[in-house]
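Report on the structure given below.
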Amino acid sequence: MICYGAEVANGEKHLVLVTGGGGGLGRALAGAFAGAGYGLVISGRNQKTLQTTAEEISRQGGEIRYFLCDVTRKNEVESLAREIGRELGTVQVLINNAGIARAAGFLEMPDSLWEEILKTNLTGAYNCCKVFLAGMMQSGWGRIINIASTTAKVGYPYVTAYTASKHGVLGLTRSLALETARRGVTVNAICPGYLNDEMTRDNARRMAERTGKKVEDILALFAASAPQNRLIEPEEVASLALLLAGEKSAGITGQGINIDGGAVMV
Ligand code: NDP
């Protein structure tokens, strides 16, 4: 039987860090890992959403701590690592989930939006890999799970910055997987399609304002872009992340795994 629960190293539970842990997918990831018995840290910039997530998970009996950290600032990621190291130990499972998405036509897109998206989605993941990988290498065991998107595999219009950032995340994943392949560390990306969460509803609301269509119609169009004609539940992504974090997934590395109702088949 394959057990996806907390793996045990030297008698201790593996410690998981979920960046952007107060958001829609972050909450689902945190809930799944806490439920499976992992030691859990979530981070982000918004104290209120982090605290709400931490309280929800504690009420369900999970062990969780939260820390403020902007992933675009390397010094904040370094001090996050120091604090976690001092209080909790080595992060053995890193889930790079923090991300932003904003649509804009290429010519109208301000340079600042391009920079912000690349800095958050790609450099943010880079900063966390750079800071947390050393501990995994030293202990000879680690899992890095980058939350990418189907936009890591194919292009979509009006999201050049987001698409470029997620293609970059997949490139980072593949190269880092090669560098760590003999060190007990796996590096994979999860590529979700449209999720049934607030980020998707926000995007639908913005598109509704621009086009005069109804939000529900736009959500229906998002769903219809997948052969299964539905949005993906954050919990489905969390269950794939649990699988990748498990001991029995040691042979899966360098992959970008789509979870998108069949929308993208590369
Ligand atoms: P949310 O907007 O709900 O969550 C995004 C999270 O990222 C927030 O918790 C936010 O936390 C955090 N974040 C943003 N910028 C920073 C930063 N500079 N430093 C630290 N944390 C940051 O969206 P989702 O939960 O849907 O998105 C999670 C991931 O899933 C993203 O990487 C997204 O690209 C990806 N994804 C989402 C899809 C969807 O349809 N929703 C589809 C495919 C992929 P805070 O505000 O506290 O900083």
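For the reader, a short list of remarks on this structure follows.
- Every pair of residues 6+ apart whose Cβ atoms lie under 9 Å, when the first sits in region 91-102 and is within 19 Å of residue 115 (Cβ to Cβ) while the second is more than 8 Å from the ligand (Cβ to nearest atom) and in a loop (DSSP other than H, G, I, E, B): 101/159; 102/109; 102/159
- Inspection of region 86-99 identifies no residue that is assigned to a helix (DSSP H, G or I), open to solvent by 30 Å² or more (accessible area, probe 1.4 Å), within 15 Å of the ligand (Cβ to nearest atom) and modelled with pLDDT of 95 or more.
- The residue pairs whose first member lies in region 165-187 and is at positive phi, whose second member is among the aliphatic types (A, V, I, L, M) and assigned to a helix (DSSP H, G or I), and whose beta carbons are closer than 6 Å, counting only pairs six or more residues apart or on different chains, do not exist in this structure.
- Yes/no for residue 249 being among the hydroxyl-bearing types (Ser, Thr, Tyr) and either away from the ligand (no atom under 12 Å from the Cβ) or modelled with pLDDT under 95 (or both): yes
- Selection over region 60-80 of residues that are part of a helix (DSSP H, G or I) and either surrounded by fewer than 19 Cβ atoms within 10 Å (Cβ to Cβ) or more than 14 Å from the ligand (Cβ to nearest atom) (or both) gives a count of 5.
- Consider region 133-155 and keep the residues that are among the hydrophobic types (A, V, I, L, M, F, W, C) and more than 16 Å from the ligand (Cβ to nearest atom). The one that is least open to solvent (accessible area, probe 1.4 Å) is 136.
- Flag for residue 58 being in contact with a strand residue (DSSP E or B) (Cβ under 8 Å, 6 or more places away or on another chain) and free of Cβ contacts under 8 Å to residues at least 12 places away in the same chain: yes
The values are calculated or read from the model by the stated rules, or taken from the named source; none is laboratory data. Note that the structure is a prediction, hence the values are computed from the model and not measured. As a convention, Cβ positions derive from the backbone with ideal geometry for all residues, glycine included, and neighbour counts pool all protein chains shown. The protein model used for the area step is the full one, side chains on, heavy atoms only, and it has no ligands, DNA or RNA in it. Shrake-Rupley method; radii C 1.70, N 1.55, O 1.52, S 1.80 Å.
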